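Structure record follows, encoded as structure tokens.
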Amino acid sequence: MTLKAGVLGAGHLGKIHLRLLKQSDKFDLVGFYDADETNGKKVEAEFGYKFFNSVDALIDAVDVVDIVTPTLSHYDCAKKAIAKGKHIFIEKPITNTVEEAEHIRELLAENNLRGQVGHVERFNPAYLAVKDDINSPMFIETHRLAEFNPRGTDVPVVLDLMIHDIDIILSVVKSKVKSISASGVAVISSSPDIANARIEFENGCVANLTASRISLKKMRKARFFQKDAYISVDFLDKKCEVVKMKDAPESPGDFDMVLQNAEGEKKQIYFDNPHVENNNSILDELEAFAHAINTNSSPVVTLHDGTEALRVATQIINCF
């Protein structure tokens, strides 16, 4: 079933969502609302999307509300949409506080509606190519570095950038968080621009995360270490690598790479570079949400996932 969709917020990301919803055959884009009327009229004139003059008018006209407003307004927008019986796609971070996120989850469940959070890296083709190889990692290291951009500096770098990696880590480590330690430094902004966090899980896994928005170069990489395997994901260049170890054959070939440990055990190393399908991750996450609504199934990134990512991000910020 084609779903009528409307977008709240026509900033940088909102315009991308508008364009992709318009081109998707899973949605019928009805229009958008933006709190800045001048911007709204400009976007309407330039792209032809219908500009609604109130949040309520837009919500009334659609089946799915795509919330791409500043984080501070996510909670109120989501409450209004749910009260009118609409499904919600909500950009990350899910809300401003964990309490708000938990309330939205409760309201959604009470009204038997679907909700998905925009943790887009779950749809990154490099991550999708190796996701099934990531099995019980015991050490994870992530680096997410960006050049300075005034847009987004109203929130700490943890909520702006690191939360992407927090969500990925929580989705692959099947264990509860045991402890968190972190440090952050405000260099240009009033909130931290660079941060490092260490997350320890009850099963012994340790994750070390670094995020910066004052870097001279861009980087978005994650490395996963587990028994007999090392997996790297480059979210920016959409590349990945899997290095695995297995028991060495009795008679290794001339070009086989074999290591021997102190106990005399021999392991053969082999490299696997999975094929990475080219995709548009934002389009894929929106269409995956349409599939969840139409099949009455669980979205890929649930509101629970978004809440837990925000919970950990908040704990990290509280360490500063």
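The values are calculated or read from the model by the stated rules, or taken from the named source; none is laboratory data. All values reported here derive from a predicted model rather than from experimental measurement. As a convention, Cβ positions derive from the backbone with ideal geometry for all residues, glycine included, and neighbour counts pool all protein chains shown. The protein model used for the area step is the full one, side chains on, heavy atoms only, and it has no ligands, DNA or RNA in it. Shrake-Rupley method; radii C 1.70, N 1.55, O 1.52, S 1.80 Å.
Kindly express, to the nearest 10 degrees and within the range 0 to 90, the angle between helix 74-83's C-alpha long axis and the longest C-alpha principal axis of the chain.
The helix 74-83 is inclined about 60 degrees to the chain.
Can you tell me the 0 to 90 degree angle between the C-alpha axis of helix 37-47 and the longest principal axis of the chain, rounded to 10?
Roughly 70 degrees, rounded to the nearest 10.
Order Ile317, Ile163 by their accessible area, 1.4 angstrom probe, all chains in place, largest first. Can you show the working numbers first?
Numbers: Ile317 45, Ile163 0 Å².
Greatest to least solvent exposure: Ile317, Ile163.
Along the charge dipole of the range 88-215, pointing to its positive end and built from +1/-1 on Cβ of Lys, Arg, Asp and Glu, which listed residue (Gly118, Leu209, Val157) has its Cα farthest out?
Leu209
What is the antiparallel percent of DSSP beta bridges lying wholly in the chain, to the nearest 5?
65
If I fit a long axis through the Cα atoms of helix 281-295 and take the longest principal axis of the Cα atoms of the chain, what angle between them do I get, 0 to 90°, rounded to 10?
Computed tilt is about 70 degrees.
Does the range 87-197 come out rounded, prolate or oblate by the C-alpha gyration tensor, with a ≥ b ≥ c the root eigenvalues, rounded set by a/c under 1.5 and, if not, prolate when a/b is larger than b/c and oblate if not?
oblate
Cβ under 9 Å from Ala248's Cβ, Ala248 left aside: what net charge do those residues give with Lys, Arg +1 and Asp, Glu -1?
Details: positive: Lys246, Lys266, Lys267; negative: Asp247, Glu250, Asp256, Glu265.
Local charge sum for Ala248: -1.
Are there trypsin sites (Lys or Arg not before Pro) in the range 171-257 that DSSP marks as loop and that have at most 16 other Cβ atoms within 10 Å, and which are they?
Lys174, Lys176, Lys217, Lys218, Lys227
Among the chymotrypsin sites (Phe, Trp or Tyr not before Pro) in the range 234-275, which ones are in a DSSP loop with at most 14 other Cβ atoms within 10 Å of the Cβ? Mind listing them?
Phe255
Does the range 205-272 come out rounded, prolate or oblate by the C-alpha gyration tensor, with a ≥ b ≥ c the root eigenvalues, rounded set by a/c under 1.5 and, if not, prolate when a/b is larger than b/c and oblate if not?
Values: a/c = 3.67, a/b = 2.26, b/c = 1.62.
Prolate shape, in that a/c is at least 1.5 and a/b is the bigger ratio.
Give a quick list of GluC sites (Glu not before Pro) in the range 1-54 that DSSP marks as loop, anything other than H, G, I, E or B, with at most 13 other Cβ atoms within 10 Å.
On the way: sites: Glu37, Glu44, Glu46; in loops: none.
Those that pass, being in a loop and sparsely packed, number zero.
Give me the number: length gained by fully extending Ala45 to Met257, i.e. 0.36 nm times residue separation minus the C-alpha to C-alpha distance, one decimal in nm.
This chain segment gains 70.1 nm when fully extended.
Taking 0.36 nm per intervening residue step and subtracting the Cα-Cα distance, what contour gain separates Met245 from Gln23 on full extension?
Computed gain between Met245 and Gln23 is 75.5 nm.
With the Cα gyration tensor of the range 1-96 giving a ≥ b ≥ c as the square roots of its eigenvalues, does the rule (a/c under 1.5 for rounded; else a/b larger than b/c for prolate; else oblate) give rounded, prolate or oblate? If you can, show how the numbers build up before the last one.
Working: a/c = 1.42, a/b = 1.11, b/c = 1.28.
In terms of gyration-tensor shape, rounded.
Under a 1.4 angstrom probe, counting protein chains only, how are Met162, Met245, Met1 ranked by accessible area, largest first?
Details: Met162 0, Met245 70, Met1 160 Å².
Ranked from most to least accessible, the order is Met1, Met245, Met162.
Among residues other than Ser232 whose Cβ falls under 9 Å from its Cβ, what is the net charge (Lys/Arg +1, Asp/Glu -1)?
Cβ neighbours under 9 Å give a net charge of +1.
Between Ser181 and Ser73, what is the spin-label point distance in nm, taking each point 7 Å from the Cα along the Cα→C-beta axis?
Here the modelled spin labels are 4.2 nm apart.
Taking the Cβ of Ser215 as the center, what net charge do the other residues with Cβ under 10 Å away carry, scoring Lys and Arg +1 and Asp and Glu -1?
Charge balance in the 10 Å sphere: +2.
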